[in-house]
1. Keeping all protein chains in place, calculate the accessible area per residue for the range 132-210 (probe 1.4 angstrom), answer in Å².
2. Among 361-372, 487-498, what's the highest-first ranking by average C-beta atoms within 10 angstrom per residue?
3. Can you pick out the pairs among Lys103/Lys164; Lys7/Lys107; Lys97/Lys562 whose Cα atoms lie more than 28 Å from each other?
4. FRET efficiency for Lys360 and Lys36, Cβ-Cβ distance as r, R0 = 41 Å, nearest 0.05?
5. So if I average 1/r over every pair of distinct C-alpha atoms in the range 319-399 and take the inverse, what Kirkwood radius in Å does that give?
6. Taking the Cα atoms of the range 452-573, what is the range of coordinates along each of the three principal axes, in descending order and whole Å?
7. For the range 443-590, give the magnitude of the charge dipole about the Cα centre (Cβ charges: +1 Lys/Arg, -1 Asp/Glu; no others), in debye to the nearest 20.
8. Please identify the trypsin sites (Lys or Arg not before Pro) of the range 1-51 that satisfy two criteria: DSSP loop assignment and at most 15 other Cβ atoms within 10 Å. Which are they?
Amino acid sequence: MHKELEKWINKCASMCRPDAIVIIDGQEEQKRQLEKEAFSTGEIIKLNQEKLPGCIYHRTHPNDVARTEHLTYICTKKKKDAGPNNSWMSPGTAYRKAKSIFKDSMKGRTMYVIPFSMGPVGSPFSRIGVELSDSIYVVLNMLIMAKVGKDVLDYLGKDGEFTKCLHGKADLDVNRRLILHFPEDNTIWSVGSGYGGNVLLGKKCLSLRIASFLAKNEGWLAEHMLILGIEKPNGRIEYIAGAFPSACGKTNLAMLLPPEALSKKGYRIWTVGDDIAWMRVDSDGALWAINPETGFFGVLPGTNWETNYNAMMTIQKNAIYTNALLKPDHTVWWEGGDGPPPEKGIDWMGRPWKPGMVDKDGKPVTGANPNARFTAPISQCPSASFRLEHHHGVPISAIMFGGRRASLAPLIYESFNWQHGVYAGATMASERTAAQYGKQGEVRRDPMAMLPFCGYNMVDYLSHWLVMGKKMKKTPKIFFVNWFRRDKKGEFIWPGFRENLRILNWILDRCEGNVEAIRTPLGYTPIYEDVDMDGLDFPKDKWAELFYIDKDEWKNELKERKAFFDIFGNKLPEELLEEHKAFKERLKSL
Ligand code: OXD
Ligand code: MN
């Protein structure tokens, strides 16, 4: 066996003191055995195998239903290397604090050793990790979300490099919960949580926080992005990567079903990923991307056959449902799901539930947690790309940035060039939703949707983006979208969902140089007639509303952007300040 791996497992075991250590081999037989064990302890519940074959159900602790960003730390030797965007703890303090929680915490439990590869095993894009965890729920999720098992260990050989990922539930006490990243040690420690985003360490922790640090040092990009392919009627498939903050519809967009009129013409979407993109400049000078994950960890509420047909198809078998409402027939339901609420069920906290229940403050009691989740293999998605296993991924023609803004930002604009696009990404902002712990609705700045996920100083991250632009021979165009603009009555102006394909199609038309555009202070916007509106009744005056530039509102936005930039002091790349100034001037001339 790999010496360092063995040594590390023993070290963690002597701290956590599990009763047993089991290596996950990735075989069906072992998975069944683990499920059986977890059914017997109640850690997971078997769902109705006729209606949902292979599906299981789990509830997390009521205080443990979302990523806890305030307990998430980047532990670099120097505080400045974590930057003002991250909570920081010195490695010494962090290890000490976590050790006191990990100590003896696995007594009476088993420690599972989960060798995993993010990305196809053996691809130059991929990274190996090993997660130690005392949770069968984590094992079962990791089996879906990454390549797990013996192949990975074989590839690692005797001395391959891997990220050391230690997870323990401990007592699930929020006061004894820490999600710690040690980029300089290629190590992650997560303790006191059982929620996916905190404990599936291949996901946010490795594939974004640790990977972004590695990417900066090695000259590539690890991004909070979906990747999708758009097949045109002529059979050509072009790929777009898109960064949106949590719960802005990345999953829906990544597996979108074309509106009927476009589908008839021959348009199709191919899903590569819904959350993370690793991108490298390949030997052709273009940007190529893989999705390092093999599964979706998506939000259930709001997902139904209408809003996301492909997701619904994906979760009919071999899926894990977390914090949904459990129905008497052992199927599941969630708010914004299909059909009327069931007459009764057991809610995500394990309590009897009926529609119309209110809490002591008169607020509705939901059956599912607003951040209830599904975990399911991408391979089950009807729109899964045939290039998922390709070692170099897919070539990226365009990059989209976007946020959830009720006003201000137009439906779409194209940046003037890479540097301007980086400015657009750096100044992104979105209204907070249930995927993050904290006040909902509040606007927060979130450069490239990476604020909670960048494993180092954001200023260096932004510089890295600028540098990357110079490395490419074929630079993707950068676009900015906002599907969520509302009218005076508070209604969404753009129908969104499937109709977004019309906008993606315009993006490709711009990349191919097929259409002209309107030059505005923000960037280039589409000419109404160039957008394929076949089958959609969307009048020109509503279109104009989507692109209205409210000068006063933008003036205020500029102030807020500047205040945000000021957090980074004089280290902010000069180029971004230049872009900011130039934008201010352009706005004046409006
Ligand atoms: C996620 C998130 O779960 O961004 O993907 O919170
Ligand atoms: Mn995400």
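1. Accessible area per residue: 26 Å².
2. 361-372, 487-498
3. The pairs that break the limit, which is 28 Å between Cα atoms, are Lys97/Lys562.
4. Working from the Cβ atoms, E equals 0.55.
5. On the way: mean 1/r = 0.0656 Å⁻¹.
Roughly 15.3 Å, rounded to one decimal.
6. Rounded to whole Å, the extents work out to 48, 39, 27 Å.
7. 520 debye
8. Counting only loop positions with at most 15 other Cβ atoms within 10 Å, the trypsin sites (Lys or Arg not before Pro) in the range 1-51 are Lys51.
The values are calculated or read from the model by the stated rules, or taken from the named source; none is laboratory data. What you see is a predicted model, and the numbers here were worked out from it, not measured in a lab. Glycine also receives a Cβ, built like all others from the backbone with ideal geometry; neighbour counts cover every protein chain displayed. Just so you know, the surface numbers come from the protein's heavy atoms only, side chains and all, with ligands and any DNA or RNA stripped out. Shrake-Rupley method; radii C 1.70, N 1.55, O 1.52, S 1.80 Å.
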